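No value in this document is a laboratory result; all are computed from the given coordinates. All of these numbers come straight from a predicted model, not from anything done at the bench. Don't worry about glycine lacking a Cβ; one is built from the backbone with ideal geometry, like all the others, and counts go over all protein chains shown.
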Amino acid sequence: MTALGVCRLVRKATMVAALGAAAVAAGWQDAAAQADDVIRIGIVSPNSGANARYGAFAQRGARLAADEINAAGGILGKKIQLFPGDSQCTPTEGVSATQRLIEQDKVQFIIGDVCSSVTLAMQPIVENRGVLLVNAASSNPDITYKAGVGGFKWTFRNYPTDEGRALQVLQYAVEQKKFAKFAVLSVDSDYGRGAINFTKKYLPRFKAEIVSEDYYKDKETDFRPVLTKIRRSDVHAIIMYGLADTTPIVARQMLETGMAGKVALVGNGEFTNPSTIKTAPSVFQGAVEAAAWLPEWDNPKSKAFIADYQKKYDNEVPNVHGYTHWETVRLIRAAMLKANSVKPDDVRTTLSSLTYEGVMGQVKFDDHNQGNLPMILIEIADGVPLIKGTYSSTIEYPK
């Protein structure tokens, strides 16, 4: 046999082995799902480190949903058992936690991380093992660019993306506020630059323009030169995707440079935080921000969730991650009931066509396994954040 023939045989054997491993993994997961008397769900989140408070909300929200479902009889005769995994908001720790959950705790489902870098690192792990990953908090668009028809069939996301947020803020600013000329002042990071890139992607749809573009470094404190330039450019609003600690500094310097009431703020930088608004109320008049969920959302289902959460957790008010992890456990339950199965492959197939009536509205997944989720638009009026309603937009994926 020639060397070329040997290489072909080796490649063929490798492919067969890989396919066989995937089949074995899927078969093992299905067998485990059927034989076990519980539904094993892993919750990967930053339970220690700088982002531990977000992980705590995520774990508590998921626990509330599991306890409610179990108290009502479980799912198809089985009870939910949750297994926490600590990512520490780093890809290496997130991968280790994912592997432990699969290999030691034998989970068939994982609800994934607050931190996008962790979720991106988890995707190939769950794909190889046939474990369903439903992300409930990461917002990097690349997660769903690579999911569904993008390649990773076992990854779904029940959370808005940075792209969706940028699109909906822009749409509201143009259609409702009648803004057409924008300046950019965003944090110099993947988040800040990414949100602006997505904004620019959709500008032609709304016949708006960006006339200047500036980015600031973490810990930067003097914005007067760039604000003076923006003031002279006759723009309607500044698009800012930035750091919560920086927003009050920018607001005070907008007040100093005479921009209050003349140039609005739109984007995301905790504009609607009451302590932030107090730094310069006139600057925040008309500011627009988008959120996946807020405790102030006036919806009976949302109010019931908050009441149940506070009853269970000593009157603590949940944040968005508490809500989204609670909702995602319930979403998985809905898919299992519709599939009449707790097999991961059956649940995965069902999620693709599921229409779920959630707290924020109707959720359906596109061919990239991204939930088309409504977002809340908030506008500040007379120092008070007012919810203007929910908005949905269609994402244009790269071809």
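For helix 190-206, report the angle its Cα long axis makes with the longest principal axis of the Cα atoms of the chain; keep it between 0 and 90° and round to the nearest 10°. The angle comes out at about 70 degrees. Taking GLN176, GLN88, GLN108 as the candidate residues, the one with maximal mean-square fluctuation in a Gaussian network model of the chain, Cα springs under 10 Å, is GLN176. Our summary gives the chain a relative contact order of 17 percent, counting only alpha carbon pairs under 8 angstrom and 6 or more residues apart.
Build a GNM of the chain with springs between Cα atoms under 10 Å: which of GLY389, GLY261, GLY77 gets the top mean-square fluctuation? Top of the fluctuation ranking is GLY77. Beyond 27 Å, what percent of the Cα pairs of the range 45-204 remain? Across the range 45-204, Cα pairs with separations above 27 Å total 34 percent. Rg over Rh for the range 248-309 works out to 1.13, using Cα positions for both radii and the Kirkwood form for Rh. Label reach from ARG224 (point 7 Å along Cα→C-beta): in the range 230-264, amide nitrogens under 12 Å belong to 253-254, 256-258. Per residue, the average separation of C-alpha pairs within less than 8 Å and at least 6 apart gives the range 254-313 a relative contact order of 31 percent. Helix 162-175 axis versus longest C-alpha principal axis of the chain: approximately 40°, rounded to the nearest ten.
Let me check I've understood the local charge: for LEU227, count other residues with C-beta under 12 angstrom from its C-beta, Lys and Arg +1, Asp and Glu -1. What total comes out? Taking every other residue near LEU227 into account, the sum is +3.
In terms of other Cβ atoms within 10 Å, THR92, THR349, THR276 run from fewest to most in the order THR92, THR349, THR276. Modelled label positions at ASN70 and LYS364, each set 7 Å beyond Cα in the direction of Cβ, lie 3.5 nm from each other. Near ALA180, the amide H atoms lying under 5 Å from its own belong to HIS236; only residues 5 or more places off or on other chains count, and H is placed 1.01 Å from N.
How far, in degrees from 0 to 90, does helix 247-256 lean away from the longest principal axis of the Cα atoms of the chain, to the nearest 10? Here the helix axis deviates by roughly 10 degrees.
For a test of the definition: using alpha carbon positions, the gyration tensor, and the 1.5 limit on a/c, classify the range 302-399 as rounded, prolate or oblate. Since a/c reaches 1.5 but b/c is at least a/b, the shape of the range 302-399 is classed as oblate. Modelled spin labels at LYS201 and ASP188, positioned 7 Å past Cα toward Cβ, are 2.4 nm from each other. Given Cα pairs under 8 Å that are at least 6 residues apart, what percent is the relative contact order of the range 132-206? Once divided by the residue count of the range 132-206, the mean separation gives 28 percent. If you take the square roots of the eigenvalues of the alpha-carbon gyration tensor of the range 86-164 and sort them as a ≥ b ≥ c, do you get rounded (a/c under 1.5), prolate (a/b over b/c) or oblate? Note, shape of the range 86-164 comes out oblate. For the peptides 115-121, 380-386, 341-347, the ranking by mean Cβ contacts within 10 Å, running from highest to lowest, is 115-121, 341-347, 380-386. Principal axis extents of the Cα atoms in the chain, from largest to smallest and rounded to whole angstrom, are 74, 65, 36.
Choose one answer from ILE143, ILE80, ILE111: the residue with the largest mean-square fluctuation in a GNM of the chain with alpha-carbon springs under 10 Å. Sorting by GNM fluctuation, first place goes to ILE80.
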